[in-house]
Amino acid sequence: MTDVPTAPLLVRDSTASDVPAIARIYAHWVLHGLASFELDPPDVTEMAERRATLLGAGFPYLVAIGVSGSLVGYTYAGFYRTRPAYRFACEDSVYIAPDATGLGAGRALLSALIERCRARGFRLMVAVIGDSGNTPSIGLHNALGFRHAGTLPAIGWKHDRWIDSVLMVRPLGPGSTSPPETSPA
């Protein structure tokens, strides 16, 4: 698929050369945020392996490039769960550089990811959002058609406090209104 300009951002497929910037963004949120339940940031090699695994399974892995040419965020889809009956559901992840939040990168990235996953044949996208107080992520998902599906209260312990997981879902394509034509490729 071609690059998608979303002024003033460019959303495109990630490349191997993007991984160091992706790792830096993720490390910030692991260390200072609640969106990820990891406690220690993975290194660049681990992030490259994770990306390769998702791409190898046919999932999209996208980045947003700002007007300065720097990578300001990334998103990817992955398996919601790996058991076969879940094969029509995917889970999204979106991370934005701390100095680029609130500028529209999250919306541009998640919009492109939704379209890619719909085109691939997924029927439902699941968001597992760290912390019920994560209003930017909850608001982003709400604005793009996700609905609240539940909260797992106090399921994680990070930064000396209990953290909820908020579950949100969004139908893709016809959703559950018709049987699947084929499994996602």
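Report whether or not Arg161 is modelled with pLDDT of 95 or more and over 20 Å from Ala27 (Cα atoms).
no
Write out, first by first residue and then by second, each pair whose Cβ atoms fall under 6 Å of each other, whose residues are 6+ apart or on separate chains, and whose first residue, in the range 26-52, is without any contact (Cβ under 8 Å) to a residue 40 or more places away in the chain and of a type in the set (A, V, I, L, M, F, W, C) while the second is part of a loop (DSSP other than H, G, I, E, B) and surrounded by fewer than 16 Cβ atoms within 10 Å (Cβ to Cβ).
Val30/Glu38
Is it the case, given these coordinates, that Arg116 is surrounded by fewer than 19 Cβ atoms within 10 Å (Cβ to Cβ), farther than 13 Å from Ala35 by Cα and not hydroxyl-bearing (Ser, Thr, Tyr)?
Working: surrounded by fewer than 19 Cβ atoms within 10 Å (Cβ to Cβ): no; farther than 13 Å from Ala35 by Cα: yes; not hydroxyl-bearing (Ser, Thr, Tyr): yes.
Against the criterion (surrounded by fewer than 19 Cβ atoms within 10 Å (Cβ to Cβ), farther than 13 Å from Ala35 by Cα and not hydroxyl-bearing (Ser, Thr, Tyr)), Arg116 does not qualify.
Among the residues of the range 149-164, which ones are touching a strand residue (DSSP E or B) at 6+ places or on another chain (Cβ under 6 Å), of a type outside the set (Phe, Trp, Tyr) and either buried (at least 16 other Cβ atoms within 10 Å of the Cβ) or farther than 20 Å from Cys117 by Cα (or both)? Before the answer, list the steps.
So in the range 149-164, the residues touching a strand residue (DSSP E or B) at 6+ places or on another chain (Cβ under 6 Å) come out as 149-156, 162-164.
When the remaining residues are screened for being of a type outside the set (Phe, Trp, Tyr), the result is 149-156, 163-164.
Matches in the range 149-164: Gly150, Thr151, Leu152, Pro153, Ala154, Ile155, Gly156, Ile163, Asp164.
Collect the residues in the range 124-146 that are under 29 Å from Leu55 (Cβ atoms) and either over 16 Å from the mean Cα position of the chain (by Cα) or among the aliphatic types (A, V, I, L, M) (or both), keeping them in residue-number order.
Leu124, Met125, Val126, Ala127, Val128, Ile129, Ile138, Leu140, Ala143, Leu144
So that you can scan it fast, the table gives a plain yes or no per residue for (1) out of contact with any helix residue (DSSP H, G or I) (no Cβ under 9 Å at 6 or more places or on another chain); (2) among the acidic types (Asp, Glu); (3) surrounded by fewer than 20 Cβ atoms within 10 Å (Cβ to Cβ); (4) at pLDDT 95 or above:
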position: Arg50; (1), (2), (3), (4): yes, no, yes, yes
position: Gly78; (1), (2), (3), (4): no, no, yes, yes
position: Ile96; (1), (2), (3), (4): no, no, no, yes
position: Ala105; (1), (2), (3), (4): yes, no, no, yes
position: Leu109; (1), (2), (3), (4): yes, no, no, yes
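For the range 165-178, does any single residue satisfy the condition of being surrounded by fewer than 18 Cβ atoms within 10 Å (Cβ to Cβ), of a type in the set (Gly, Ala, Ser), at pLDDT 95 or above and assigned to a loop (DSSP other than H, G, I, E, B)?
Checked against the condition, which is being surrounded by fewer than 18 Cβ atoms within 10 Å (Cβ to Cβ), of a type in the set (Gly, Ala, Ser), at pLDDT 95 or above and assigned to a loop (DSSP other than H, G, I, E, B), the range 165-178 yields no hits at all.
Can you say whether Ser137 is polar (S, T, N, Q) and farther than 22 Å from Phe79 by Cβ, as far as the supplied structure shows? Talk me through it step by step, then tell me what you get.
Working: polar (S, T, N, Q): yes; farther than 22 Å from Phe79 by Cβ: no.
The answer is no for Ser137.
Determine, yes or no, whether Gly145 is within 29 Å of Pro20 (Cα to Cα), surrounded by fewer than 16 Cβ atoms within 10 Å (Cβ to Cβ), out of contact with any Leu (no Cβ under 9 Å at 6 or more places or on another chain) and small (Gly, Ala, Ser).
no
Residues of the range 73-106 being within 12 Å of Val63 (Cα to Cα) and not aliphatic (A, V, I, L, M), which ones?
Residues satisfying the conditions are Gly73, Tyr74, Thr75, Tyr76, Ser93, Tyr95, Gly106.
The values are calculated or read from the model by the stated rules, or taken from the named source; none is laboratory data. Just so you know, these numbers come straight off a predicted model, no measurement behind them. As a convention, Cβ positions derive from the backbone with ideal geometry for all residues, glycine included, and neighbour counts pool all protein chains shown.
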